Amino acid sequence: MAQSKAPPFTLYEYRASPFCIAVRIALTECDVTFTPREVNLDKPRTAAFLKRSPFGRLPALVEHRPGGELAIFESPAILLFLAERFEKSSLGFSDLSSKAQSLSWLSFISTGFAEQLWIALQESHDQSQAQVSLAALEEQIDVLDKHLARRAFLAGDYSIADTFATPLLDLLEYVKDLDLDGFPHVLSWRERLRARPSYKSAWPNEKEEK
């Protein structure tokens, strides 16, 4: 009996990382079968892994090709690769304009928004500093809310910018004193993202984490 062929992609990940979650969602949007490889954050990275991700960061995606491996590291680069590699998928760019818009918003979400969210999530014993970081995050969310008042997704149609944003929006629930009720368009955007089939089982459950 012939053995089934191994999936052409391997995803090296830390399952609970929002950046790894974004890549998982993207792979599902592209209908790609992949082998997940959980990386233990408490152990040194192996030499083999560092050849695929030189800084030891996660996620890293490897495509197994007849001529050898293609390794991509850093989640924005992985998302862009998948959008180009599977151009007929929901992540594919319809034209240069849609690509430019998608990449503009991906750049902002993966740097400005993600970094400000991370700052706001940190426990701070300095109340004034916590208020400053919260205000800065709310200012960004307000810009997003106004932008999304006129469109369903960041670049008009669903794109890799929305893919990257999906798990980050989930983390907003853990920001102390953040009230999202004043940002109805961001809330409806988050619900549209959560309603996509690719979102199902995106986050690991308790059983998977043990």
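The values are calculated or read from the model by the stated rules, or taken from the named source; none is laboratory data. Because the structure is a prediction, the values reported are computed rather than measured. Virtual Cβ from ideal backbone geometry, glycine too; neighbours counted across all protein chains shown.
Odds and ends about this structure:
- Segment 68-117, subset in contact with a helix residue (DSSP H, G or I) (Cβ under 9 Å, 6 or more places away or on another chain) and of a type in the set (Phe, Trp, Tyr), residue surrounded by the most Cβ atoms within 10 Å (Cβ to Cβ): Trp105
- The lone exception for Ser17 - which of (1) surrounded by 15 or more Cβ atoms within 10 Å (Cβ to Cβ); (2) in contact with a Phe, Trp or Tyr (Cβ under 9 Å, 6 or more places away or on another chain) it fails: (2)
- Just one of the listed residues (Thr46, Thr35, Thr28) is over 20 Å from the mean Cα position of the chain (by Cα) and β-branched (Val, Ile, Thr), and it is Thr46.
- Residues satisfying the stated conditions in segment 123-142, i.e. exposed (fewer than 12 other Cβ atoms within 10 Å of the Cβ) and either in contact with a Gly (Cβ under 9 Å, 6 or more places away or on another chain) or modelled with pLDDT of 95 or more (or both): Ala135, Glu139
- Candidates Arg37, Arg57: the one that is within 30 Å of Lys176 (Cβ to Cβ), touching a strand residue (DSSP E or B) at 6+ places or on another chain (Cβ under 7 Å) and surrounded by 12 or more Cβ atoms within 10 Å (Cβ to Cβ) is Arg57.
- When Ala120 is tested against the conditions (1) surrounded by 13 or more Cβ atoms within 10 Å (Cβ to Cβ); (2) farther than 22 Å from Gly182 by Cα, the lone failure is (2).
- Extreme residue, surrounded by the fewest Cβ atoms within 10 Å (Cβ to Cβ), among residues of segment 155-184 that are outside any helix (DSSP H, G or I) and within 14 Å of the chain's Cα centre (by Cα): Tyr158
- Condition check for Leu187: surrounded by fewer than 20 Cβ atoms within 10 Å (Cβ to Cβ) and in a helix (DSSP H, G or I): yes
- Residue match in segment 104-124 (condition: touching a Leu at 6+ places or on another chain (Cβ under 7 Å), in contact (Cβ under 8 Å) with a residue 24 or more places away in the chain, farther than 24 Å from Val23 by Cα and assigned to a helix (DSSP H, G or I)): no
- Verdict on Leu91 being within 26 Å of Ala161 (Cβ to Cβ), of a type in the set (A, V, I, L, M) and assigned to a loop (DSSP other than H, G, I, E, B): yes
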